[in-house]
Each structure stands twice: as C-alpha cells, then as structure tokens.
Amino acid sequence: MLPSPSLIVQSLVDGVFLGFLFSLVALGLSLVFGVMGFINFAHGDFLMASAYLVWVLASSLRTEPLATAALTVPLFFVVGAAVYFLVARPLLGREPLMQIAVTVGVGYVLQNVALMSFRAEPRASLSYALNTYFGLGPVSVHAAKLVAALMSFAIVVGLDYLLKRTWFGLAVRATAYDRETAMLMGVDVNKVYVAVFGLGIALTALASSLWMTFGQVDPYLGASFGLVSWIVIALGGLGGVPGILASSLIIGVVQSLTTNIVSPSVKMAAASVVFLLVLWFRPRGLFGKV
Amino acid sequence: MGGPTLKASRFGWLAPPLALAALCGLVPHMVGFNQYYILVATRIAIVASVALSWNIIGGLAGQLDLASSAYLGLGGILAAELMIKYGVTPWIGMLAGAAASAGVAFLIGYPLFRFGIREVWYALSTVALVVVLHELAIVLMGPFDYYVPPVEGWYYLRFRTWENLYYVSLVLLAFVIVVNLWVSRSKLGYYLKAIREDETAAEALGVDVRKYKLLALLIYATLVGFAGYLYVVTQRTYSYKTFSAPFSIYIAVIGIVGGLGSVDGILLAAAMLGMAEEYLRATFGGTLPGLHLLVYGLLLVTVGVLRPEGLATVTRRLLRPVRTRFLGGESA
Amino acid sequence: MSPLLEIKDVEAGYGPFVVLHGVSLRVDRGEIVALVGPNGAGKTTTLKTIVGLTTLYRGRVVLDGRDVTREPPHARVGRGLALVPEGRGIFVPLTVLENLRLGAYSREARAKMDETLEMVFSVFPRLKERRNQIAGTLSGEESQMLAIGRALMSRPRVLLLDESSQGLAPKIVEELFEVFRRLNSEWGVTMLLVEQHVKRSLELANRAYVMESGRIVLEGESGELMRNEMLRKAYLVV
Amino acid sequence: MSSEPILRVEGLVKRFGGVVALNGVSLEVRRGEILGIIGPNGSGKTTLVNCVTGIYRPDFGRVYLLGEDITGEPPHLVASKGVARTWQKVRPFAKMTVLEAVMAGALLRTGDVEEARREAVNVLTMIGFPREKFDSPGRSISLVEHKLVDLARAVATRPKLLLVDEIVAGLRPHEVEAMVGVIRRVNKELGVTLGVIEHVMRFIVSISDRVVVLHEGRLIAEGPPSEVVQNPLVVEAYLGTRPM
C-alpha cells in the first residue's frame, strides 16, 4: 500500500525539524573530532545526562525545560573542560582504538549512573507553553518541535559566524588544520582544545533542553544521538557548518520517513544503511571538501 | 633472557592451553557440581572464546570491531531456529551459523577494506551492522523472546545439568586458544601485526593489506558464529536483543583491558570481569542495576588513561614462571 | 652588545630521539645569520627548539636577555619570535587575509594589525590582490610570500626562516633574497635562516654556522666561510 | 650482465595541486649497480620512489621492472615483484620486536615462519645489527638501529631492486661510515641492485657506481660520481647560484 501524500509531507516536515536538532548535537562532536582529532563515543551520553538534569530541574522547580538551559549549558561547559583534562588530554594523539575504548567507558559510567539513579523508565518534562499543535495546510506542527528546530538553526548559524568571523574562530580553524603552525602564530592550542571540548559538551546540554520540550529521556537516549552525530559527520565530511546542516536534515528526514511509513523500530537501521552506503561510495562524505 | 629465541619446541606452545583446559575441566568437581557456579563458568568460557576470537581482528590486526554480537546472534539464532523448526541437530546448525556469519562478514568486510575504511569509521560501520541486524530482527521475528525448548541430549546439545555444556564450551575455548596461538605464530599473524603497526610500511613489504584484514575478519566471524548456539543456550532465550551493541562493546572491553594480542591477558580479563559481573549482579542487581557496567566503564577509563598496555603486562609478570617451565624460554 | 637571541648548549629532539647534541649559537641585533649543513644535520630541529616545538633535555634559550626555555611556543611568539616553517605551513583552507590575520594573533601584534598589513602588502603586492582567495589556490611562490608575510604580521624581532627558497625557481629565489635584504635593512628585522642555497645565503648573511650530525662544526664571518675548504667538502666531495 | 635494466622509468610526471614534483624524469637502474640519486631538498627524489613503489600513481609516464610495465600497481604487488624500499622518516613497528619486524619482510618469500626467522637472523647479522637487541621491541631502539631494521626488513623481502631513501640523514659520522659498508655488503654479497637516494653528496660519491642528479623535478646530470660533482649545473643546484 502506498503511503498517502500527506503522510509523506508530514514526515518531511517532522524530519526537517528533527534534523535541525541533530545538527546542533553533531556540530559539537564534529568540532571536537575535527579540531583535536579526538574520537568521542560518549558524546550522546552527555546529552542524556543533561536531559536528566533538565528533567530534575524542570520538575522540581516547575519551570519550562527550556529555561533550565541557563544553568545546564554553563555547567556542561565546565563538565566538558573537566572531561577534557581527565580523559581526553592524556589520549590525544594516541591510537583511535584507545580513544574509542575509553570514551565508551565514559558512556558506560554515565548510562549506568543514570540507570542506578533514575531506573530504566523514560522520564518526560513536557513544556506547558509549547505543547500545542497547529495546522499548516495538511501538516500539523508541534510548536515545541518548531521552536527546537528554529533555535537549533539560529544557534548553528551563530556558531558558523563565530567560527568564521572572530579571533577565536580563526584560532579554532587554524588549529584544526595544523596544530603546530597554529602554535607558531601564537595560538595557545591547549586553550583552544579546552574551549572546543567544553563547547561541544555545552551544545549537548543545549540540545537536551530543546529535546525535553517534547521528548523523553531514558538511560540509553545517548546511544542514538551519538550514532546519529557520527553518521552526520561521515555524510557531511568535515566541510564545516553547511555540510553538517545538510546531512543532519537528510538523516532527520530518513528517520522520520521510516518511522512513519515503515516502523519506528527501524529508523536507526535506515540511518545506518545510508551511512554504510555513503562510506563505501563517497568516503569523503557527500559534502566533504577534497 | 640471553640470546634471541631461535627455536621453540615445535609443539611446546600447545602445552599451556592443554594444561589450562585440564585444570578448568576440574571446575565442576571443585564447586561440588553446584549448577549456578557451573553455569557462570560456562558463560565465562563462551565469552572468553568470543573475546579471543575478537582478538584476531581487534588485537592482532588492530581493527576496532564492534560487531561480535552480530555474528554471535546470527550463528546462534540460525542454529536455534534450525533445531526448533526443522529438528536439525545444533552440531550442524552451529556449522551453518558459522558459515552464515562468515558470509555476512564477507559482505560487510569486502567493501570496507576495499575502500580503505579504518579506525573510527570501521568501528562505526561495525556498530551500524549490529544496529541494522537488531532492527531487522524486530521486523522479522517481532519483539518477542524465544525460548529454547526443553529438549535434552547430545543431539540437541542441551542438558538437564550444565556440566556437559561446560565441557563443550571448554573444548571450544581450547580450540579458539589454539587458533589464536597458531595464527600469531604463522605468517598470517606476523602480517596482521605488521598491519596493526603501520599499514603503509606493511604494504611496502609485500603484505596484501586488504586480503589479510579480510582473512582475519572471516576467521573471527566464523568462530563467533559457531559459538552462537552455546551462547543462546546459556541465555536460555534469544530475540532481537541478542544483537546488542553493548555486548559487542563488552567483548572489545575484555580484549582491550586484557591487552591487545595477549591470550593470557584476555583470558584473565574475561574470567575476572565475568565473575565480577556475576557477583555485582547477584548482590546489587535488584538495588543498583547497571553497577557492573559502571565498574566496566571506570575500569576502561582507568586502564585506558593510565595503563594503555592493558592487563597483559601484569599477567605476563604473573605467568612468567609457568611459561618458562613449559617453553624453556620467553616467547613472543 | 648582548645578543638578541641565544641558545646555549642545547640537547633536544623528538620524544626519545635526541637530534641536537650540545648546540650553542647566538644572533645579534640587526644581524642576518645563516645556518647551513646537510639534510638531517639538525637545522630544522634547532629552529624548532628555539620556538619550543621540540623536547628539550638540556640547555637554555634566551631571547633579549630573558630566559624563555620554560615558556610554551605561543608565549615565545608573543615575545617576538616568528618561524616560517619548512614547507611553508600555510593554512590551505583559509583565505590569504585570514592567514595574515593569524600572523597577528598575539595581543601586541593585533593592536597594530592594520598598519602592519599595509606594510606587508607594500612588500608583497601580489598578496593584496589575492587577499580574499583561498590560500590553497596560490602558486608555490605566492604561498612562500604568504608564509613570510604572515610571519611579519607578528612584528617579529627575530625571524626564523626554514628552507624558504625550497621549490622556487632560481629567479624567484633571487627576488626572495632581495626581500630578505630589504626586511633587514629597512625594517630592521633580525634573521636566522636555514638554507640549502649555501652560497646565496652566505652572500646574504653576516655570519654563519655549519651543522653536522646535530652539532655546530664551524662558525664565522660569511666571507671567510665561503673560502673554507671544509664547507666546500661538506657539500661537494672535491 | 644482461642488457635489460632492472628498472626503467620513462617520462614520469607527478603534480600535487600547483606544485610539479616530478617533471618528466626518465632513468634506468642497471643490474647489479648502486645508482646514486641526489638532489637538493624538494627536487623530487622521494616522489620518484613513491611513484616507482606504487604509493603514488604518476600523472604521466611509465615504470618498467625488467621490461614489465608496473605503473600504478599497488605497493604490495610491486614489492612481491621485487622492489623494496626504506623510508626517509623511519616507520618503526613499535610493538613488534626487531626480529619479528624483519621476519614480516622475510615472509614475503616463504610461508614457513621458522625459515623466515632464520632468514631474518641472517639478514640482521649480515648488516651488523647487535644480536643482543634482536628481541627488543621497536619502540626501544635508537635512530641508527631503526634505520638498520628498516633496511633489514626491506632486504629480507629478497628484492631485485632496493630503493634506499636518505638512510644516513641524522646519523653521526662514524654511523655513516658503517652504513657505507652495510650498503656495499647488501649489494655485493646478496647481489641486490640499489637505488640510493641521498642529500649528502659525500656518502653518495663513496658508494655509487653511477649518479643521477634531480633538480626541481628534472634530471639534470648523469654519470660517474667524480664527474657529476664537477658538473657546473650540479654545483649550481647545490650551492645555489642561478643555473644556466
């Protein structure tokens, strides 16, 4: 049976919304990987940890989940800096295998602390203000998702500006291309690394606040976000913000279409198949620069 | 040690695994045929077999493969289904499972190595394989747990008590150890180690990097696929959940904590982590679920950051007297 | 007069590999000093040691009377050292202008950036024409201009040049050396240059050091060195 | 001596972006000789080795090994056909022992590990590698030892042609002396034809039968060492006044 056109349009819209949120998460990971060559397999788990914090804060303070970002984002910047010094820095320049293994370990710690503290049931702290739907032609739009998408887009564009137009961004791009020569320019590379790692983790906190306006959290929420982020990087190459945005939207739409037309349980498989195909036939990514 | 080892006795390297197997064979007697302990020992033996199979692709060839549960699940589910639906003995089912795993490994490995996919991208591709199989299984089998029926006897490789399966697992483990030792002493092993060190330099020495990596992947997938049925039986059930990324990671954890390429380190790590897991689960499972995984996580971070060589250096020191006695010299 | 840059009895290398075995040299204010020697003699390592990019086991690096041995590279750059690395080290995906701005990254240089930029453009007008181009699209000689221009953006007191003429056509090398001469006489930039064009660099330099196997084996006025039999032998077996 | 050269290279061109690393190089390596390949930094020597051994595919030109066209074949096939090389920047097998690393080379010609072990011991002994360090892991040996292991690895593949890339760079004078002897022994005792790439002329002159000079990706001179060093073009290329 063919899916109805309106279902397809609805899926496209939902997928685009989801894609913008993905881009926010993936951008942080791609910065860490692109600038310092560090492979973080626990990226999504920081999002999960932050989502629990959002839930705790929002339900105990009875605030909007989005408002908690004022606290979680700076906090996770500091957490990121700490993780950098404790875990990432000793492993910089070492075999990828060790980086993967150790960050998987970090992910285990986060997941299981969450499991022990909150059990496995999903928790939700829906936004009161944004939990409405409105119609737009044949499509029904969830206000929370729309806001999440718009904010993600605004922040990603803002980060693009930061990277392209500021001294900090210049230092980041120089360090990403050639660490030693960046030092020769007077760039304190270690400071750049701390900032980038902190920023990457802070972005997961931001994304978690947006996610919690309509989604829910369980200890394994991070796994899918982490994998999606890596797939986005593989698709987008390390070609910067436009590549990340475009591939995030592709993955968002792929997931949304499979969810609505096939089954929600195969959405990661669909993304994975796209990932494998791109890896095989376009090893530099769909939008990667040569 | 003085000069270099030019000659080890031709079959001397077989002595330690055989002695170890004999020693492990006594475990049921030592625990007074306590079924719980024997089941735990069986599971450890199977997990150790999988981890040591992983050692060939992960430890020797240095490719961070995270797909062991894909091969374990394929082999196990195929053998179990063949038995339940068609009454085929698992002895044949396990061979079929091994072949199916090898087939899937070839399908995924050939393009991956052909296109030079390495490091993080290889690891992610193998995760992707597990994810795809996991979700495919939900579609094909539904979200159900299937129980292995209560048939008994050597034909079904399933028994009222666990000793026999334990012995079978032990034989499998011994076989995997022998394969490991044989590979690491063969041309294949030297080539895999050279690939792990430096692919470009290895290639300039005439090593067909793609071919040998694929070979390592196939050996690993075949062994793990073969072990699948035993794993399913000790779990008592199988389902889409058998395709589990965390389990694959757990296998790699054992390999890394035990020390890449080190058979004794990996054995020790499998035994220690297995017992610790069982203890923690039995003691805190109700109150603190996931404590054992938390411990793995901390262990991984600590071992990885502080002691990148893994447990291998520790075990090497502990086992040196034993080794010297059997081999009359230090081996690689 | 105290030297502007001095390294004393330096033993340095990369991780476990020791490359320099007790190297000492000095560069006085306003001088051009050449460092020559065969491949693998340790010339590049010497320059990298001066800016702090190697593992130092022993010895000191002194800039204008101040011991900078313990300072990280970026801090040394802030104090007036600039290295044009071998192979140019251009940030290929960035624009020409962004590359130049990076040269002025340290605080003092940033304040004077616009002024310095005009000076650099006056020396290398081609860079001005191409300022918004991606650096990866530049030709070999333009890249070299960019590398040198970028180093000048930091208003260095000592400019360290590693094999700057490598891969350039002879005519271009000639022009480049003319630029070095101008920078020295008009801008007052002190220079330590590593060169494979031995004769040409000796003609340019006031003094020179000859390195072999991680040691200084000869030093002196350029004119005298040019006539030295040992130096000729180091390059050509006669 | 057969007339067919071991290696014949015709009109090799290799560009990287705007930079022309090789600009139409043709040369021959004759059976049994030691050919010195010299030139200043950036003259294209290493690119030449990479094009011959299959690491790079040349943009134009062909590479013939004993008359067989091997242009663009993958490195492992080129190696198994008989071209070995060493690396300008050492690529140690850090976790393998010295003996194991050399065995990995020897295994190209045999599937028998014990035989490869004997071969590795022979090669290491022949090049004078200290016997007490055969079992040292690659990460624990000195620079000159790394260079020797790299050479031994390559020699153990029993090549017809061995390309040695700047093996004495960074070595001390007495080590350079010793290396001259090692290279000669590889050539005389094992009958391996050698292409020796080097920046240091003194070393090249003392071991080569014949020398070719590369400059800016072109061959500018060829002949017996004593003549080549007198060639004004070569002197210019090295001392740096304008050629022509």
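The values are calculated or read from the model by the stated rules, or taken from the named source; none is laboratory data. Keep in mind the model is a prediction, meaning the values are calculated, not measured. Positions of Cβ are backbone-derived with ideal geometry, glycine not excepted, and every protein chain shown enters the neighbour counts.
Any chance you could count how many residues in segment A:174-187 are closer than 18 Å to A:Gly37 by Cα and either in contact with a Lys or Arg (Cβ under 8 Å, 6 or more places away or on another chain) or small (Gly, Ala, Ser) (or both)? Number of matching residues: 3.
Return the only residue of C:Leu176, C:Leu159, C:Leu193 being surrounded by 17 or more Cβ atoms within 10 Å (Cβ to Cβ), closer than 23 Å to D:Gly44 by Cβ and more than 9 Å from chain D (Cβ to nearest Cβ).
C:Leu176
Scanning segment A:171-189 for residues that are surrounded by fewer than 21 Cβ atoms within 10 Å (Cβ to Cβ) and more than 8 Å from chain C (Cβ to nearest Cβ) yields one hit, A:Arg179.
Here is the figure for segment C:88-101: residues that are more than 8 Å from chain A (Cβ to nearest Cβ) and more than 16 Å from A:Met183 (Cα to Cα) total 3.
Taking the criterion of being assigned to a loop (DSSP other than H, G, I, E, B) and free of Cβ contacts under 8 Å to residues at least 12 places away in the same chain, the residues of segment A:34-69 that qualify are A:Arg62, A:Thr63. Checking each residue in segment D:1-57 for being more than 14 Å from chain C (Cβ to nearest Cβ), of a type outside the set (A, V, I, L, M, F, W, C) and part of a strand (DSSP E or B) picks out D:Arg8, D:Glu10, D:Gly11, D:Gly24, D:Ser26, D:Glu28.
All conditions but one from (1) touching a residue at least 40 places away in the same chain (Cβ under 8 Å); (2) in contact with a Ser or Thr (Cβ under 7 Å, 6 or more places away or on another chain) apply to A:Ala143; the one that does not is (1). Restricting segment A:49-98 to residues that are within 11 Å of another protein chain (Cβ to nearest Cβ) and among the charged types (D, E, K, R), the residue that is surrounded by the most Cβ atoms within 10 Å (Cβ to Cβ) is A:Arg89.
Can you tell me which residues in segment A:27-85 are over 21 Å from A:Leu163 (Cα atoms) and aromatic (Phe, Trp, Tyr)? A:Phe41, A:Phe46, A:Tyr52, A:Trp55, A:Phe85 - these are the residues of segment A:27-85 that are over 21 Å from A:Leu163 (Cα atoms) and aromatic (Phe, Trp, Tyr). Is it the case that segment B:184-194 has a residue that's surrounded by 21 or more Cβ atoms within 10 Å (Cβ to Cβ) and modelled with pLDDT under 95? Scanning segment B:184-194 turns up at least one residue that is surrounded by 21 or more Cβ atoms within 10 Å (Cβ to Cβ) and modelled with pLDDT under 95.
When restricted to residues that are without any contact (Cβ under 8 Å) to a residue 60 or more places away in the chain and hydroxyl-bearing (Ser, Thr, Tyr), segment D:83-111 contains 2.
Can C:Val96 be described as touching a helix residue (DSSP H, G or I) at 6+ places or on another chain (Cβ under 8 Å), at pLDDT 95 or above and in the same structural domain as C:Asp9 (by TED's automatic domain parsing)?
Against the criterion (touching a helix residue (DSSP H, G or I) at 6+ places or on another chain (Cβ under 8 Å), at pLDDT 95 or above and in the same structural domain as C:Asp9 (by TED's automatic domain parsing)), C:Val96 does not qualify.
Residue by residue, here is whether (1) without any contact (Cβ under 8 Å) to a residue 60 or more places away in the chain; (2) at positive phi holds:
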site: D:Arg30; (1), (2): no, no
site: D:Gly44; (1), (2): no, yes
site: D:Leu48; (1), (2): no, no
site: D:Val52; (1), (2): no, no
site: D:Ile55; (1), (2): yes, no
site: D:Gly61; (1), (2): yes, yes
site: D:Ile70; (1), (2): yes, no
site: D:Pro74; (1), (2): yes, no
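Here are B:Ile117, B:Ile46, B:Ile92: which of them is surrounded by fewer than 24 Cβ atoms within 10 Å (Cβ to Cβ), more than 14 Å from chain A (Cβ to nearest Cβ) and β-branched (Val, Ile, Thr)? From the options B:Ile117, B:Ile46, B:Ile92, the qualifying one is B:Ile92.
I'd like the full set of residues that are more than 8 Å from chain B (Cβ to nearest Cβ) and over 18 Å from D:Glu177 (Cα atoms), limited to segment D:125-143. Selection gives D:Lys133, D:Ser136, D:Pro137, D:Arg139, D:Ser140, D:Ile141.
Checked across segment B:144-154, the condition of being surrounded by fewer than 18 Cβ atoms within 10 Å (Cβ to Cβ), at pLDDT 90 or above and within 14 Å of chain A (Cβ to nearest Cβ) holds for at least one residue. The residues in segment C:155-175 that are without any contact (Cβ under 8 Å) to a residue 60 or more places away in the chain and basic (Lys, Arg) can be counted, and the count is 1. For A:Thr213, the conditions (1) assigned to a helix (DSSP H, G or I); (2) under 30 Å from A:Ala70 (Cβ atoms); (3) of a type outside the set (Lys, Arg) all hold with the exception of (1).
Each residue in segment A:104-131 was checked for being within 7 Å of chain B (Cβ to nearest Cβ) and assigned to a loop (DSSP other than H, G, I, E, B), and 0 of them qualify. Assess whether B:Phe106 counts as being farther than 26 Å from A:Val262 by Cβ, part of a helix (DSSP H, G or I) and within 14 Å of another protein chain (Cβ to nearest Cβ). So B:Phe106 fails the test. Determine whether segment C:131-154 contains at least one residue that is surrounded by 23 or more Cβ atoms within 10 Å (Cβ to Cβ), in a loop (DSSP other than H, G, I, E, B), within 12 Å of chain A (Cβ to nearest Cβ) and in contact (Cβ under 8 Å) with a residue 24 or more places away in the chain. Yes, that holds for at least one residue.
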